1. Where does each of 132-143, 313-324 land if you order them by average Cβ count within 10 Å, highest first?
2. Tell me whether region 60-146 comes out rounded, prolate or oblate; compute the Cα gyration tensor, take square roots of the eigenvalues as a ≥ b ≥ c, and use a/c under 1.5 as the rounded threshold.
3. Amide H of His205 versus every other amide H placed in the peptide plane: which residues, excluding those fewer than 5 positions away on the same chain, fall under 5 Å?
4. Between region 262-279 and region 156-193, how many Å separate their Cα centres?
5. Of the peptides 245-253, 259-267, 168-176, how do they stack up when ordered by the mean number of other Cβ atoms within 10 Å, highest first?
6. With θ taken as phi - 60° and the coefficients 6.51, -1.76 and 1.60, list the Karplus ³J(HN,Hα) couplings across region 72-89 in order, rounded to whole Hz; mark glycine and proline as x.
7. So, for region 74-227, what is the accessible surface per residue at a probe of 1.4 Å, expressed in square angstrom?
8. Report, by chain and number, residues whose modeled amide H sits under 5 Å from the one on Leu328, excluding near sequence neighbours (fewer than 5 apart, same chain).
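The values are calculated or read from the model by the stated rules, or taken from the named source; none is laboratory data. All of these numbers come straight from a predicted model, not from anything done at the bench. When we count neighbours, we look across all protein chains shown, and the Cβ atoms used for this are built from the backbone with ideal geometry, even at glycine. Quick note on the areas: whole protein, heavy atoms, side chains included, nothing else; ligands and nucleic acids left out. Shrake-Rupley method; radii C 1.70, N 1.55, O 1.52, S 1.80 Å.
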Amino acid sequence: MQDKPLESDHSGLVDVRNGTRIFDSATEPALPFTSLRMLKLVSLVLLTLQNAVLILVMHHVRTREGPMFMATSAVIVSELFKLLTALAVIFYCEADRNIKKFIWHLQENIVNQPMDCLKVSVPSLIYIMQNNLLYVALTNLDAATFQVTYQLKILTTALFSVIMLNKHLSKEQWASLVVLFTGVALVQLQPDNKPHKATSSEVEHNPLVGLAAVLISCLMSGFAGVYFEKILKGTKQSIWLRNVQLSVLGVVIGAITMLVKDGEKLWAKGFFYGYDYLVFIVILLNSFGGLLVAVVVKYADNILKGFATSAAIIVSCVASIYIFDFQLSLQFTTGALLVIVSVYIYSKFVPALLNKAEVITDKKSVQKI
């Protein structure tokens with residue numbers, strides 16, 4: 001479940017973390033109105049499904065009966081998928097499908113620049129920790145509560161962007177962040193939000209542990225995304241080379257994490273213990289979700305992205321009622337509606353870029369897929 005900071009609409013590239021329009025795309029060929037409308041519709045459906053299905057399936061595989069897979073191993077497999085995807089794109093698009101050029105390209109930009117890789121190790125470490133925490137959160141929270149609470153990543157990313165990158169938010173966006181925090185607080189302060197003792201056929205869960213995992217994950221998501229954006233500015237490496245660095249380091253850090261946390265279980269039961277097709281679906285959705293979103297929203301505006309996020313919250317809530325016997329309360333419904341409204345407002349009221357220099361600087365404002 002990764003944040004997608006750079007997405008493009010028909011009027012320019014947009015940083016979806018803070019809604020900043022990056023550059024004007026007037027030079028891009030325009031699509032016919034009918035095709036553009038169809039692309040927007042497809043984008044809305046795919047974005048909503050991506051946001052909702054991943055959370056629902058991940059919650060299911062973490063709370064069902066039967067052998068439980070190691071979250072640390074799933075994070076490693078996800079990083080391997082991302083690594084292979086990035087290498088494939090580099091081979092076909094940057095190395096012109098030439099093996100010698102491909103190897104030279106990687107050696108010149110990665111192997112021969114160890115200090116550059118060291119800088120990337122910071123967000124790589126944070127991403128691994130964040131992804132492990134998401135599994136902890138979805139083990140201890142229902143899917144609907146997690147979906148609402150995880151929107152706090154908008155708040156943390158906005159704050160880190162303002163502090164570290166001097167980003168500018170509109171007054172409406174600042175107001176929406178207050179509404180967002182209020183909505184999440186209402187959801188988390190429900191009177192029935194208490195630890196649940198599991199029966200023999202259930203996985204025990206503790207909402208306080210889940211809440212702590214989400215909050216820490218949101219902080220990590222915001223900081224890592226903005227830190228990575230800061231690294232990308234002014235560097236010659238492409239986003240795909242950066243993703244190779246992130247994924248290679250992620251596999252190494254993930255392996256160390258797995259040995260420390262699940263070493264005994266790993267040696268006793270094996271790396272793929274508890275895996276089935278649903279676990280692989282979760283891993284694939286988590287791995288390629290960012291790439292999917294980046295592709296399908298090329299001609300979808302930032303408002304649509306916010307609408308899709310809001311729709312995903314509704315889908316998660318409705319699905320949780322029928323699949324996980326989730327019970328809607330007035331307090332949860334009020335909090336969820338506040339979050340939905342805040343996401344829409346944050347996406348709609350985008351401040352204009354201050355000057356042309358900011359356009360050029362922010363053109364590389366992208367994040368790990």
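1. Numbers: 132-143: 24.2, 313-324: 17.7.
Taking the mean over residues of other Cβ atoms within 10 Å, the ranking is 132-143, 313-324.
2. On the way: a/c = 3.46, a/b = 2.20, b/c = 1.57.
It comes out prolate by the Cα gyration axes.
3. Residues meeting the criterion, in which the H sits 1.01 Å from N, are His196, Ala198.
4. 38 Å
5. Values: 245-253: 22.2, 259-267: 13.0, 168-176: 16.9.
Listed from highest to lowest mean packing, they are 245-253, 168-176, 259-267.
6. My calculation for region 72-89 gives 4, 6, 5, 5, 5, 4, 4, 5, 5, 4, 5, 4, 5, 5, 5, 5, 5, 5 Hz in order.
7. Details: 7040 Å² over 154 residues.
I get 46 Å² per residue for region 74-227.
8. For Leu328, no residues qualify.
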